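Each remark here refers to the structure printed beneath this line.
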Amino acid sequence: ALEEAGVQVTETDEPLFEGCDGALVAPLAVGGQLFGVLNLEYEQGGPGDRDADAPLLYQLANHAALGVRNVRSFEELTTLKNYLEDLVKNANALILVVNRCREVIVWNAALVKLTGFAREEVVGDDLLDFVPLEERRSLEEILLRGFAGEAVAGYETRLLRADGGEVRAAAGFRDVVTRRGPSAFGLFSCSKSTNEMNYAAQKFARVVMGSN
């Protein structure tokens, strides 16, 4: 198949460039993945010893392959991170994330549409500032339960609207735990079912927040 595609398979390292009579080729491969080859060629009558150069070339190829894999993994992770961020921001479900100081760090498009508050008006502020006074104590208790590791489902509250009105919302809260330990970094709130919320919170923590 390789020959049909125009690639010649040889049992020895053959030089590709004119004026060279020797070559040393090392694969750029890690974990069964081939990223390319590292090719060293020797000019006719020029300096160089294949046997002496081989260990260094193979070592260099291993380091280069690791670098290529890490760059590719980072690019794939960045792509996935951006995709999930867009998914969270533009989901039809009401999704918000707060840190342990109750500061809002995610306020998605569904909440913008529901309340009229833009992300820029909410992110960084205390979540309690966006619920009526009589609802704040109840919500604060829910947040404390969530930070303690309890998954809270079916919680109903009222949210303030930018036009001065109020709107009722039902949601659940799930803790978001980082690689640094069991202490919750924040709380993930979503109007989806508990199983969907647990999966979404875990995915959000692993990718968007940089957690394992």
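The values are calculated or read from the model by the stated rules, or taken from the named source; none is laboratory data. Remember, predicted model here, so these are calculated numbers, not experimental data. Cβ placement follows ideal geometry from the backbone for every residue including glycine, while neighbour counts extend to all protein chains displayed. Heads up: the accessible areas ignore ligands, DNA and RNA and are worked out on the full protein's heavy atoms, side chains in. Shrake-Rupley method; radii C 1.70, N 1.55, O 1.52, S 1.80 Å.
Structure above, values below:
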{"read-out": "Percent accessible area from carbon and sulfur atoms, segment 36-182, protein chains only, probe 1.4 Å", "value": "53"}
{"read-out": "Inverse of mean 1/r across different Cα pairs in segment 91-178, Kirkwood, Å", "value": "13.2"}
{"read-out": "1.4 Å probe accessible area per residue over segment 67-166, in Å²", "value": "58"}
{"read-out": "Separation in nanometres of the label points that stand 7 Å from Cα toward Cβ, at ARG161 and PHE74", "value": "4.7"}
{"read-out": "Computed P(r) (all Cα pairs; segment 9-121; 10 Å bins; percent)", "value": "12, 24, 17, 12, 12, 11, 10, 1"}
{"read-out": "Compactness of segment 78-130 as Cα Rg over 2.2 N^0.38 Å, two decimals", "value": "1.13"}
